[in-house]
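Comments concern the structure below.
Values in this text are rule-based calculations from the coordinates and carry no lab data. None of these values were measured; they are calculated from a predicted model. Don't worry about glycine lacking a Cβ; one is built from the backbone with ideal geometry, like all the others, and counts go over all protein chains shown.
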Amino acid sequence: MNRIIAIFCLVLIALAGQPIIALAHGHGPIFESSLTVQINGSVVNAPADMNIIAGQVMVPLRWAAGQLGASSVQWDSASNSVTIKTEQDFYNLEKLASYAIGLNTYSEQESRQIWPLPNNAQNLDISSHVPSHKWMLELEHFTTERFALNQPLQYINMHIASRDGLYHHSIRVYSIENRHNHYYLPMDWLEYLFNAQVNYDKTTHILSIQTPAIDKIKAEVERIEESLIPAIPDEAVKLWGRGEQTRNGALQYAALSPQLRSVADKSSHVRQTYWVTGGSSPWVGPITIDKRYQISETRIEYTLSFPKITSVPPHDTAVEKLMVEKLLINGREGWYITQILRSSGYGILDGAKHSELHDRVCDKDTI
């Protein structure tokens, strides 16, 4: 017996100083003492039972939401849903994300179909605002395991909203673990939901979370919009058209006058759909400038048309009519869309009926 006790003591000594690791429902190790969590560079107290699955730290949702500034987290068992209200600047965060997507380069073949950016924005660097990795939101581990057990997939309905209710996004989450009525989900959801930059260093066992710096976000939005100011009237039209072709509301927004931007700010495309416009099908094909009518040196009326592309032809044709004007804004001249006289329904605005002008015919090469 004394020998057994001695061996047991030797084992305890050998394990002294080593991190205590347990298993959670067979999903992988839980680091109860070795995982360090940093938010904006400072170490914070964190739950001990955060395990690692496919390189993702499984983070307790309620705790994380509180750390990242949520004003409330409410659970509704009847609908199996959680509603998180936050103080995020949804407007600027989502606009910047839309610009980052819209300013991406396309393949040579795609570029022949999509209208170009204004010259000043051709080499605009926005790489720091593009996620450095592909988000892992839904982990295969959960899907395959539940299929193998012949069980229905578990999920929660997640709603994230601004406190004033103007912004509201709904997402269904499958990669969740329920531990004593607390939901854990992959860390990349924190980037998706809260616009926080998240990284896990498996060597040092440090989970770092960086919240967005709103002042820098706003300054970057201003820098991009300054670069996108159209220098000639055609650039304004093509910036709008590129936005429609790529379903990018931010590019369309940049082509609008301040008055029309104030209208767009109230659009559901801005507040509910992450600045995504149009539809997945039919989508906007190659755009043609059919008519230009020069009203004055600073006002031109454009008529555009494009095929509404589906997987099976023939394709219907959509027509738009825009008024473009030269304006002086904040001491800088540029050309902006000031009226949408005829809407195709594919833009960030359904139409702004400021006036009714008769169709005027002119050659495509006018101006």
| note | Partner lysines whose C-alpha sits under 30 Å from that of Lys218, ignoring same-chain residues fewer than 8 away, are Lys85, Lys95, Lys134, Lys238, Lys266, Lys326
| task | Could you order peptides 339-348, 169-178 by the average number of other Cβ atoms within 10 Å of their residues, highest first? | result | 339-348, 169-178
| Rule-of-thumb check for region 229-342: C-alpha Rg over 2.2 N^0.38 Å? | 1.08
| remark: Highest mean packing first, using Cβ neighbours within 10 angstrom, the peptides 310-317, 36-43, 218-225 sort as 218-225, 36-43, 310-317
| said: Can you sort Leu251, Leu207 from fewest to most other Cβ atoms within 10 Å of each residue's own Cβ? | reply: Leu207, Leu251
| note | If R0 = 35 Å, then Lys134 and Thr317, at their Cβ-Cβ distance, give a FRET efficiency to the nearest 0.05 of 0.40
| task | Return the FRET efficiency for the residue pair Leu166, Asn330: r is the Cβ-Cβ distance, R0 is 25 Å, and the value is rounded to the nearest 0.05. | result | 0.45
